[in-house]
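One structure below.
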């Protein structure tokens, strides 16, 4: 099938590559010419394991193309995926400016039956909004052209996006059109049946992918509800970790005991510094805003946000407990990205923690295996170092913020020799408390 993907961020780029790899003719569109030039050269503009090889391979096979010509791509393709950003406004409501602008251009460019598939995370009722905008912008000679709207939310985890695209746990298709639903089933058939080259001999291959067919409103809510539940689960276990510290329990034992219950499970039960990134923060706030807008209570969502915000400052409080006055102290921070295996720093806990340390007068040195420059939201007074050892040199305290595997294999005996005082706050509980104490560290985790 002939597919157009609008937007080449995480969602759009991975979606386009996945559809090309399973046998479709894909054109990816972005208004950023520099990004398109990078992609045409076979290079990936984002850090996502395995993605660059897939880009260059599909360019070579001519199954994917990249362009800035949106109108041309809409006219030439049958199925149009919208994968543009919907960042949060100050009140939590998603900003649909980009989505609206794309919808207008789609209406102006339609030249035959099209399926408009929204993959961006959007508020409830956006499918109806898209339909209205597209209809209003149809040219006079296009009024006879039909189109259908489909809500097809993404469930990609940054750092594991390629695997999630090819081996999803479910595919959700929401539409009021039986014609569009059948065409979407056909589009995803190789994926559903796991019958494509990339899946062969892959350890993650599944027997068959479940498909949920529903209305567009329910589809939109499935996305928000899923992310909000996972975020709430993390906030809950962080609250339990804080109770553990008060009563002398060990959160690692508590989560292990809880996770063996099949009704609860062990995923997203890891206590730490809290969640960040481009999805959880904005999706929880957006769902809470929607609830308020429709007159429904969202007390759990509001509490999940509050607990998460508190968790970041708890790290600062722990630093104060260890160091006393932070002013003029040197603090080494390991991890800038909001999670491992990505270079994404949106809503990263590191930004809140580092900015607060600097505000309190500390000298902060930070290291991340992938992020090599100071994010725009981070105070530029932070020093970005080339490795963990340079960050730790002369430090009064070392704080682990992101659970990169590299940090498990650091020579902590050397780290101790380099530091002014051997103090570690492990914001992700990736190190063993007894082992670190045996090396002579004053070690503090979360709930342990």
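All of the numbers you see were taken from the coordinates with simple rules; none came from a lab. Given the structure is predicted, the values throughout are model-derived calculations rather than measurements. As a convention, Cβ positions derive from the backbone with ideal geometry for all residues, glycine included, and neighbour counts pool all protein chains shown.
Structure values in brief
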{"item": "Relative exposure of 237, 305, 336, judged by other C-beta atoms within 10 Å (fewest first)", "result": "305, 237, 336"}
{"item": "Residues in region 187-205 that a label on residue 49 would reach, taking backbone N under 16 Å of a point 7 Å out along Cα→Cβ", "result": "202-205"}
{"item": "FRET efficiency, residue 310 to residue 439 (Cβ-Cβ, R0 25 Å, nearest 0.05)", "result": "0.25"}
{"item": "In nm, spacing of pseudo-spin labels at residue 377 and residue 32 (7 Å Cα→C-beta vector)", "result": "1.7 nm"}
{"item": "Max mean-square fluctuation residue, GNM over the chain, Cα-Cα springs under 10 Å, options 158, 52, 327", "result": "327"}
{"item": "Cα gyration tensor shape for region 189-318, rounded if a/c is under 1.5, else prolate or oblate", "result": "oblate"}
{"item": "Region 1-80 versus region 243-287: alpha-carbon centroid distance in Å", "result": "36 Å"}
{"item": "Label point distance in nm, residue 69-residue 409, each placed 7 Å from Cα along Cα→Cβ", "result": "4.7 nm"}
{"item": "Region 191-234: C-alpha gyration tensor shape, a/c 1.5 cut-off, then a/b vs b/c", "result": "oblate"}
{"item": "The chain: relative contact order in percent, alpha carbon pairs under 8 Å with at least 6 residues between", "result": "12 percent"}
{"item": "Residues residue 139 and residue 260, FRET efficiency given R0 of 60 Å [Cβ-Cβ distance, rounded to 0.05]", "result": "0.50"}
{"item": "Linear extension gain, residue 291 paired with residue 387, 0.36 nm per residue minus alpha-carbon span", "result": "30.1 nm"}
{"item": "Sequence-separation-based contact order of region 2-213, relative, with Cα cut under 8 Å and 6+ spacing, percent", "result": "19 percent"}
{"item": "Inter-label distance, nm, simple model (7 Å from Cα along the C-beta direction), residue 201/residue 170", "result": "3.4 nm"}
{"item": "Footprinting exposure proxy for 25, 32 (fewest neighbouring C-beta atoms within 10 Å first)", "result": "32, 25"}
{"item": "Calculated FRET value between residue 229 and residue 359, using beta carbons and R₀ = 30 Å, to 0.05", "result": "0.35"}
{"item": "Shape of region 215-448, Cα gyration tensor, a/c cut at 1.5", "result": "prolate"}
{"item": "Hypothetical label at residue 432: residues of region 255-297 whose amide nitrogen lies under 19 Å (7 Å Cα-Cβ projection)", "result": "255-257"}
{"item": "Mean ellipticity per residue at 222 nm, deg cm²/dmol - from DSSP H runs of n ≥ 4 across the chain, formula -39500 (n - 2.57)", "result": "-13000 deg cm²/dmol"}
{"item": "Region 104-202: radius of gyration over Cα atoms, expressed as a fraction of 2.2 N^0.38 Å", "result": "1.26"}
{"item": "Angle in degrees between helix 51-60 and the longest Cα principal axis of the chain, rounded to the nearest 10", "result": "30 degrees"}
{"item": "Choice from 313, 294, 412 showing the highest fluctuation, given a GNM over the chain with Cα pairs closer than 10 Å", "result": "294"}
